[in-house]
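The values are calculated or read from the model by the stated rules, or taken from the named source; none is laboratory data. These figures come from a predicted structure and were not determined experimentally. All Cβ positions, even for glycine, are placed from backbone atoms using ideal geometry, and neighbour counts span all protein chains on display.
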Amino acid sequence: AMDAVRVLVTGAAGQIGYALVPMIARGMMLGPDQPVMLHMLDIPAAAEALNGVKMELIDAAFPLLKGVVATTDVVEACTGVNIAVMVGGFPRKEGMERKDVMSKNVSIYKAQASALELHAAPGCKVLVVANPANTNALILKEFAPSIPEKNITCLTRLDHNRALGQISEKLNAHVSSVKNVIIWGNHSSTQYPDVNHATVTTRNGEKPVRELVANDEWLNKQFITTVQQRGAAIIKARKLSSALSAASSGCDHIRDWVLGTPKGAWVSMGVYSDGSYGIPAGIVYSFPVTCKNGEWSIVQGLKIDEFSRVKMDATANELVEEKSLAYSCLN
Ligand code: NAI
């Protein structure tokens with residue numbers, strides 16, 4: 001029998017956590033044959049709720065679930081984990097300054113970086129979901145210097161999937177026929193959803209999205225703003241964050257990273273920039289990537305037009321600013 005993979009979910013008593021842990025236990029993250037051991041971390045104020053989630057996981061009798069660790073102790077939570085999904089964080093509350101929220105999250109991610117570095121299994125893969133996701137991932141990377149930078153990523157797959165969904169709705173084509181959209185940059189409203197390389201599989205073969213939609217006005221304006229502002233639209237409608245789709249996209253992110261992307265397709269992941277496409281090195285930026293043998297690599301050689309260049313640089317600039325804000329919180 002296969003050994004269980006230990007998967008950490010921080011913030012597991014929260015909205016996304018509640019949607020995510022049953023998906024992991026059902027095999028949606030690591031496949032239908034892979035047993036899992038869930039490690040769930042939350043803060044003491046949420047300990048009782050966290051224990052309730054553990055009770056439900058037991059009650060659901062998931063065949064793949066080999067055990068549950070539910071704890072408020074970060075060392076216990078991180079010990080031996082192979083995958084770490086970082087959903088816990090300090091939310092922005094009304095009237096709070098950006099710097100105050102950043103400061104809270106910088107201290108959380110600094111502490112959790114050290115715990116992962118000391119106690120996670122070798123080769124642990126990290127996905128940061130909590131906002132500001134790119135900068136939390138950067139802080140985690142900086143304070144876990146022995147974890148290879150290629151093992152630390154952030155979630156922009158939800159934005160990627162939202163872009164696929166918008167094209168699918170527009171063309172009345174099934175979402176699985178749409179591929180190769182790109183989310184560039186920050187998981188924030190400055191992100192750039194790019195359809196210039198996206199295609200749809202039709203009865204007459206693969207066609208560019210631009211040709212099929214044949215509406216540059218919609219693609220260059222409404223499509224982009226709808227994807228950028230989708231998170232806010234869901235909060236407005238549900239009065240809660242987009243927990244279901246964030247959880248599902250988090251599973252997609254890890255599954256494709258571990259098991260590989262399909263032939264001919266790429267996905268978007270927030271990764272540590274190596275300077276590809278003229279994006280400054282040293283920030284966590286969302287790029288198109290393919291994955292093989294458990295490693296991602298940035299898709300190279302895509303043609304970037306002037307419209308895209310401006311938007312890719314604007315979201316990079318925001319990340320450079322966020323980085324300096326984060327560093328100013330460290331002092
Ligand atoms: P939530 O507030 O329901 O849950 C967050 C949980 O984190 C709470 O249970 C809280 O107690 C816990 N927590 C706080 N500090 C912690 C710490 N130091 N260690 C462990 N746990 C801690 O929030 P929700 O809706 O589940 O969202 C979680 C995060 O994900 C937020 O930051 C949100 O902005 C972000 N998000 C990111 C998305 C993405 O695509 N990257 C999409 C949607 C949400």
Condition check for Gln166: more than 15 Å from Ser249 (Cα to Cα) and within 12 Å of the ligand (Cβ to nearest atom): no
Residue check, Asn180 within 15 Å of the ligand (Cβ to nearest atom) and among the polar types (S, T, N, Q): no
Residue count, segment 78-109 (criterion: surrounded by fewer than 20 Cβ atoms within 10 Å (Cβ to Cβ), in contact (Cβ under 8 Å) with a residue 12 or more places away in the chain and more than 12 Å from the ligand (Cβ to nearest atom)): 5
Candidate set: segment 204-232, residues that are in contact (Cβ under 8 Å) with a residue 24 or more places away in the chain and more than 16 Å from the ligand (Cβ to nearest atom); chosen: the one nearest to Pro132 (Cα to Cα): Ile224
Out of Val175, Val129, sole residue that is surrounded by fewer than 18 Cβ atoms within 10 Å (Cβ to Cβ) and modelled with pLDDT of 95 or more: Val175
Complete set of residues in segment 113-161 that are under 16 Å from Val101 (Cα atoms), within 10 Å of the ligand (Cβ to nearest atom), assigned to a helix (DSSP H, G or I) and of a type in the set (S, T, N, Q): Asn134, Asn136
Residues satisfying the stated conditions in segment 140-157, i.e. touching a strand residue (DSSP E or B) at 6+ places or on another chain (Cβ under 9 Å) and of a type in the set (A, V, I, L, M, F, W, C): Leu140, Ala144, Ile147, Ile152, Cys154, Leu155
One residue from Tyr327, Tyr277, Tyr285 being within 16 Å of Ala137 (Cβ to Cβ), part of a helix (DSSP H, G or I) and aromatic (Phe, Trp, Tyr): Tyr327
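Could you please find all residues in segment 1-18 being among the small types (Gly, Ala, Ser), in contact (Cβ under 8 Å) with a residue 60 or more places away in the chain and surrounded by fewer than 20 Cβ atoms within 10 Å (Cβ to Cβ)?
Scanning segment 1-18 gives a single hit, Ala4.
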Options Ile279, Ile254, Ile235; residue that is more than 14 Å from Asp159 (Cβ to Cβ), within 16 Å of the ligand (Cβ to nearest atom), aliphatic (A, V, I, L, M) and crowded, with 20+ Cβ neighbours inside 10 Å: Ile254
In segment 10-37, residue farthest from the ligand (Cβ to nearest atom) [restricted to those that are in a helix (DSSP H, G or I) and among the hydrophobic types (A, V, I, L, M, F, W, C)]: Ala25
Filter result for the condition that a residue is in contact with a helix residue (DSSP H, G or I) (Cβ under 8 Å, 6 or more places away or on another chain), within 16 Å of the ligand (Cβ to nearest atom) and part of a helix (DSSP H, G or I), over Val69, Val75: Val75
Among residues of segment 211-241, those that are modelled with pLDDT under 95 and within 16 Å of the chain's Cα centre (by Cα), counted: 2
When residues of segment 38-51 are limited to those that are within 12 Å of the ligand (Cβ to nearest atom) and not hydrophobic (A, V, I, L, M, F, W, C), the one farthest from Ala84 (Cα to Cα): Glu48
